[in-house]
Amino acid sequence: MSLVEISNLSAHYLQRGKKVRAVDEINLQIESDEILGIAGESGCGKSTLLKTIYGYVEPPLYVEKGEVGYNFSNFSVNNIFSLSSLSSIKWKKISYITQGSMNALNPVQKVHRFFLDLWKAHGQNLSLKGFEELLRNRLSYLGLPEEVLERYPHQLSGGMKQRIVIAASSLFNPEVILADEPTSALDVGVQLEVLGLFMKIQKESKNTIIIVSHDMSVLVNLCSRVAVMYAGNIVEVADTRALFKNPLHPYTKLLIESLPKIGGGKELKGIPGAPPNLAFPPSGCKFHPRCPFSSALCIEENPILAEVCENHQVACHLSLRNEEVEAEQ
Amino acid sequence: MKQNNKLIVNDVTKIFSQRIFLSRKYFKAVNKVSLEMNLDIPEVFSLVGESGSGKTTLANLILNIIEPDEGDIFFKGRDITKMKSKKDKMAFMKDVQPVFQDPFESFDPMKKVEVFLYETVSNFEIARKRGQAEAIIEKALGMVGLSFNEVKGKYPGEFSGGQLQRIAIARSLAVGPSILIADEPVSMLDASLRISIVNLFKALKEQQNLSVLYITHDLATAYYVSDRIGVMLRGNLVEVGKAKEILDEPLHPYTQFLKQSVLEPDPDKKKLDILQKQEISATEVGEYQKEGCKFSGRCPKVMDICREKEPGYYESPEKEVMVKCFLYEPS
């Protein structure tokens, strides 16, 4: 049993009577003790997927069908959408670092108050003294100076605020940490340190981190497994090394080839065309209008995510067809 | 006139003040920066650096949006800070065009994008008649790989970020500039779209003889597109020279730090495990207020002199690179 089991999940936004299919028929198993990255262009539904995994579904977003189940170490949740209240698992079992969460700190209160509020709302079993001890241990483990507690957010740099939010998210040792573009707003030097912080947390508590980013180089360096999303579908899932060394989906290939490198002298090309409007997605495989290898089958039928080799799943007619050809020979 | 076809930034300083309760602190957002671009030989010049290093301030100075406190900026032989008449200013604006960071903010969401293009053309009095204007716009859109029919009658919301940024660049091109000042033009865009915009700058340079001042924090695209690079640190230009020479083998410790921090999309070159914790301080260090070299607080090769005196520019013996660092002081 996997820690997180996403089956047949479709989540749509209602927009002027039209359905925007941001998350469309997604099946994904996420194991414990792994760092999973979700990659894709903006508007491909990766943030929406993260929100639905967290059970944070508010209009105009709604879940059309499907389930997100959790198998925590001491209990399991069959479907997070059927829970009447999420407050029993929030922060303690799952925590969610939203996009731009470094601006979530209250500007007129010291950082310490933020942590005290956290204790009041979620740390019922802890005495104040116990909580203070936990907090200070945590900060010193993560290498954050204790004096940040006595600062106001405006006195801190962006990287420090992001570190505080990450420290808070891991405070009660949740089994799953969801992070949405945690380093996009940071400078390169700081980005490296913040990603190092995630690694440190994961190494210590062996929890699962799901990280969404449009920056492939962040995912390569941090994640053990990467899922690539396109237009609401997952098109490829594989171990990081396999995905980058041997990408099978044409979209993944183009995405990786379009990344410039220092020291590389090759002429690069972007992916032609633009991502589709999710209110009116193209028929069949949603990537077919931009795909250099599309055929008649791609226009008619949407390929399903299938395992082509060990731990490497792809949703593409091309790789399936190649396999059949190989089998015939 | 020919030899004056240059953009010369000469020892420019811009001082900003920050008021904290009753006290007032001054810091130099741009400190004695000099650079030169010859417009006859079109090039892509990149300014790179962390946020808060004064890149945008320098761009605003060159665009004449703000005025320098010290030093002068010459464009085609004229001091841009001393331009008084509207006619001169218009001529300058026609020649030096900006491209902004966020394409979604550059357009009015309630207006069709073509209005924006028409407005630019009519404000600069390039075309009197609508037909003429349309021809100019069509030509500008052609340069960025779009056509007027694709753009006509649509609102900004109907385009993707990459397309909007192309239209914004087409708007700049419509007035026929000789240099584009592009301030973080790709940082709001996806990785796959970035490369197409950056390729566009390359093509404009080669086909339209257009110079581009490309401001970015992304070293990888800067390496890919630029001929020359200038590295900025807290208002100072610390290393200037050929892009490939600088980024293949950076001389200044700050450039080395920047290059080291760039994550590579290659599973064989993971960087995260090398990371050893250094001291992090709680508040942003006032690097702007530092005496001597601004990097002395973070520099692994810091010497006593770095904390006391500001380094001058030294030329590297082997390369065409200027470095502002005592390590390269000829003894």
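Laboratory data are not the source of any read-out in this text; all were calculated from the coordinates shown. Everything numeric in this text was worked out from a predicted model, so none of it was measured. Because the Cβ atoms are built from the backbone with ideal geometry, glycine has one as well, and the counts that use them run over all protein chains shown.
For segment B:251-263, the candidate set comprises residues that are without any contact (Cβ under 8 Å) to a residue 40 or more places away in the chain and not β-branched (V, I, T); within that set, the residue that is farthest from the other protein chains (Cβ to nearest Cβ) is B:Q256.
Kindly provide the set of residues from segment A:12-64 that are basic (K, R) and more than 22 Å from B:D190 (Cβ to Cβ), ordered by number.
First, pick out the residues of segment A:12-64 that are basic (K, R): A:16, A:18-19, A:21, A:46, A:51.
Of everything in segment A:12-64, those that are basic (K, R) and more than 22 Å from B:D190 (Cβ to Cβ) turn out to be A:R16, A:K18, A:K19.
If we scan segment B:125-144, do we find a residue that is more than 14 Å from every other protein chain (Cβ to nearest Cβ), closer than 26 Å to B:A29 by Cα and touching a residue at least 40 places away in the same chain (Cβ under 8 Å)? Lay out the reasoning, then the answer.
Initial filter on segment B:125-144 (more than 14 Å from every other protein chain (Cβ to nearest Cβ)): B:125-143.
Those still in the list that are closer than 26 Å to B:A29 by Cα too: none.
Checked against the condition, which is being more than 14 Å from every other protein chain (Cβ to nearest Cβ), closer than 26 Å to B:A29 by Cα and touching a residue at least 40 places away in the same chain (Cβ under 8 Å), segment B:125-144 yields no hits at all.
Restricting to segment B:216-250, give me the number of residues that are part of a strand (DSSP E or B) and away from chain A (no Cβ under 14 Å).
Step one: of segment B:216-250, the residues part of a strand (DSSP E or B) are B:216, B:228-233, B:236-242.
From what is left, the residues that are away from chain A (no Cβ under 14 Å) are B:228, B:230, B:236-241.
Qualifying residue count, segment B:216-250: 8.
Any residue that is in a loop (DSSP other than H, G, I, E, B) and under 14 Å from the mean Cα position of the chain (by Cα) - is there at least one of those in segment B:13-33?
Checked against the condition, which is being in a loop (DSSP other than H, G, I, E, B) and under 14 Å from the mean Cα position of the chain (by Cα), segment B:13-33 yields no hits at all.
Given A:V226, A:V237, which one is surrounded by 19 or more Cβ atoms within 10 Å (Cβ to Cβ), farther than 26 Å from A:F280 by Cβ, within 11 Å of chain B (Cβ to nearest Cβ) and β-branched (V, I, T)? Before you say what the answer is, go through the steps one by one.
Details: A:V237 fails: within 11 Å of chain B (Cβ to nearest Cβ).
That would be A:V226, the only listed residue that is surrounded by 19 or more Cβ atoms within 10 Å (Cβ to Cβ), farther than 26 Å from A:F280 by Cβ, within 11 Å of chain B (Cβ to nearest Cβ) and β-branched (V, I, T).
If only one of A:V165, A:V77, A:V148, A:V68 is hydrophobic (A, V, I, L, M, F, W, C), touching a Ser or Thr at 6+ places or on another chain (Cβ under 9 Å), buried (at least 17 other Cβ atoms within 10 Å of the Cβ) and closer than 30 Å to A:S7 by Cβ, which one is it? Quick ask: steps written out before the conclusion?
Numbers: A:V165 fails: closer than 30 Å to A:S7 by Cβ; A:V77 fails: touching a Ser or Thr at 6+ places or on another chain (Cβ under 9 Å); A:V148 fails: closer than 30 Å to A:S7 by Cβ.
Exactly one residue qualifies, and that residue is A:V68.
When A:V194 is tested against (1) without any contact (Cβ under 8 Å) to a residue 60 or more places away in the chain; (2) within 13 Å of another protein chain (Cβ to nearest Cβ); (3) of a type in the set (A, V, I, L, M, F, W, C); (4) not in a helix (DSSP H, G or I), only condition (4) is not met.
Going through (1) closer than 20 Å to B:D190 by Cα; (2) away from chain B (no Cβ under 12 Å); (3) in contact with a strand residue (DSSP E or B) (Cβ under 9 Å, 6 or more places away or on another chain) one by one, A:I201 falls short only on (1). Only one of B:L204, B:L213 is part of a helix (DSSP H, G or I), in contact (Cβ under 8 Å) with a residue 60 or more places away in the chain and under 16 Å from B:P185 (Cα atoms); which? Among B:L204, B:L213, only B:L204 is part of a helix (DSSP H, G or I), in contact (Cβ under 8 Å) with a residue 60 or more places away in the chain and under 16 Å from B:P185 (Cα atoms). Does A:A242 fit the bill of being at the interface with another protein chain (Cβ under 10 Å from one of its Cβ atoms), in contact (Cβ under 8 Å) with a residue 60 or more places away in the chain, of a type in the set (G, A, S) and more than 23 Å from A:Q313 (Cα to Cα)? Judged against the criteria, A:A242 is not a match.
Against the numbered list (1) in contact with a Phe, Trp or Tyr (Cβ under 6 Å, 6 or more places away or on another chain); (2) without any contact (Cβ under 8 Å) to a residue 12 or more places away in the chain; (3) not aliphatic (A, V, I, L, M), A:F172 comes up short only at (2).
Within segment A:152-191, the set of residues being of a type in the set (A, V, I, L, M, F, W, C), closer than 19 Å to A:L135 by Cβ and either at the interface with another protein chain (Cβ under 10 Å from one of its Cβ atoms) or assigned to a helix (DSSP H, G or I) (or both) comprises A:L156, A:M160, A:I164, A:V165, A:I166, A:A167, A:A168. Identification of strands (runs of 3 or more DSSP E) wholly contained in segment B:36-112 with 1 or more residues that are among the charged types (D, E, K, R) yields B:70-75.
It is to be established whether one or more residues within segment B:183-192 are part of a helix (DSSP H, G or I) and either more than 9 Å from every other protein chain (Cβ to nearest Cβ) or over 24 Å from B:G54 (Cα atoms) (or both).
Initially, segment B:183-192 is screened for residues part of a helix (DSSP H, G or I), giving B:191-192.
Next, from what is left, pick out any that are either more than 9 Å from every other protein chain (Cβ to nearest Cβ) or over 24 Å from B:G54 (Cα atoms) (or both): B:191-192.
The answer is yes; a qualifying residue exists.
Once segment A:251-265 is narrowed to residues that are assigned to a loop (DSSP other than H, G, I, E, B) and more than 7 Å from chain B (Cβ to nearest Cβ), the residue that is nearest to A:H214 (Cα to Cα) is A:G264.
Sort through B:F27, B:F21 and tell me the only one that's more than 15 Å from B:L61 (Cβ to Cβ) and free of Cβ contacts under 8 Å to residues at least 12 places away in the same chain.
Sole residue among the options that is more than 15 Å from B:L61 (Cβ to Cβ) and free of Cβ contacts under 8 Å to residues at least 12 places away in the same chain: B:F21.
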